[in-house]
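Shown next, in structure tokens, is the structure this report addresses.
The values are calculated or read from the model by the stated rules, or taken from the named source; none is laboratory data. Every value quoted in this text rests on a predicted model; they were computed, and no experiment measured them. All Cβ positions, glycine included, derive from the backbone under ideal geometry; neighbour counts span all protein chains shown.
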Amino acid sequence: MACRASYLLSRKARALGQVAHECSPAADLGTKKHLASTEGPEILSENEREDWVKVQAKREAFIKEWAHGEPFNSVKEERLWLRRGIRPLLTGKPDEVLRQGNRAAVLDQKFGSYRLADPAENVQLSIYGLLVSREDDAAQEVTVQILSPHFDFEPFTYTHTELDKLYQSVLVVLNSLSDPGAPAPGPHCQFVRRG
């Protein structure tokens with residue numbers, strides 16, 4: 001609540017049905033399953049491990065197709081930043097980023113039992129793609145993919161041009177958050193309480 005941009009982004013995520021980081025036993029279990037990717041599956045019970053193993057199999061299948069047998073680098077759970085000078089504007093922490101030459105991929109593990117927006121329409125993944133592209137000037141394309149034990153998703157690849165357009169859109173939104181301007185009257189005003 002202390003950060004207006006974060007608050008408004010959370011409200012938009014709720015409106016789109018893409019809420020993350022809700023406090024619940026299911027969310028806590030999802031966090032534990034994410035940790036297993038860096039700390040090892042031993043932290044999971046036998047029942048908890050089943051979904052994690054399915055996600056790892058999907059990860060391996062994605063990597064096999066994406067990397068074409070060529071070497072790549074993998075970084076897990078690293079916070080990425082979009083800055084203006086030294087001022088942070090936007091941040092995100094993808095589950096895993098793969099880099100291979102001028103290509104990158106963002107893998108996002110989702111253990112929930114409800115279906116999320118596909119990678120091509122997923123706001124969280126578009127932000128991750130943008131952050132990866134801005135961190136590495138050599139990136140000409142960024143593929144985003146959701147790994148779920150319950151659903152299959154088609155990966156989506158952003159081109160350099162699409163990522164530049166996304167960057168400009170994000171800057172417009174961020175600039176409007178710091179200077180929202182005068183209210184614009186319109187049909188939405190009918191919902192404002194008077195008195």
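A few comments on the model shown:
- Count of the stretch 101-119 residues which are closer than 19 Å to H150 by Cβ and small (G, A, S): 3
- Those residues of the stretch 104-135 which are more than 15 Å from K93 (Cα to Cα), of a type in the set (A, V, I, L, M, F, W, C) and modelled with pLDDT under 95, in sequence order: F111, L116, A117
- Whichever residue in the stretch 115-138 is without any contact (Cβ under 8 Å) to a residue 40 or more places away in the chain and more than 13 Å from F156 (Cα to Cα) and, among such residues, is surrounded by the fewest Cβ atoms within 10 Å (Cβ to Cβ): D137
- Only one of the listed residues (L107, L98) is over 15 Å from F153 (Cβ atoms) and assigned to a strand (DSSP E or B). That residue is L98.
- Some residue of the stretch 44-51 being surrounded by 13 or more Cβ atoms within 10 Å (Cβ to Cβ) and either modelled with pLDDT under 70 or acidic (D, E) (or both): yes
Yes/no per residue for (1) in a helix (DSSP H, G or I); (2) at pLDDT 95 or above:
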site	(1), (2)
D137	no, no
V142	no, yes
I146	no, yes
D152	no, yes
D164	yes, no
Y167	yes, no
V172	yes, no
S176	yes, no
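- In the stretch 100-112, the condition of being surrounded by 13 or more Cβ atoms within 10 Å (Cβ to Cβ) and more than 23 Å from S133 (Cα to Cα) is met by at least one residue.
- Flag for Y158 being touching a helix residue (DSSP H, G or I) at 6+ places or on another chain (Cβ under 8 Å), of a type in the set (F, W, Y), farther than 15 Å from K76 by Cα and in a helix (DSSP H, G or I): no
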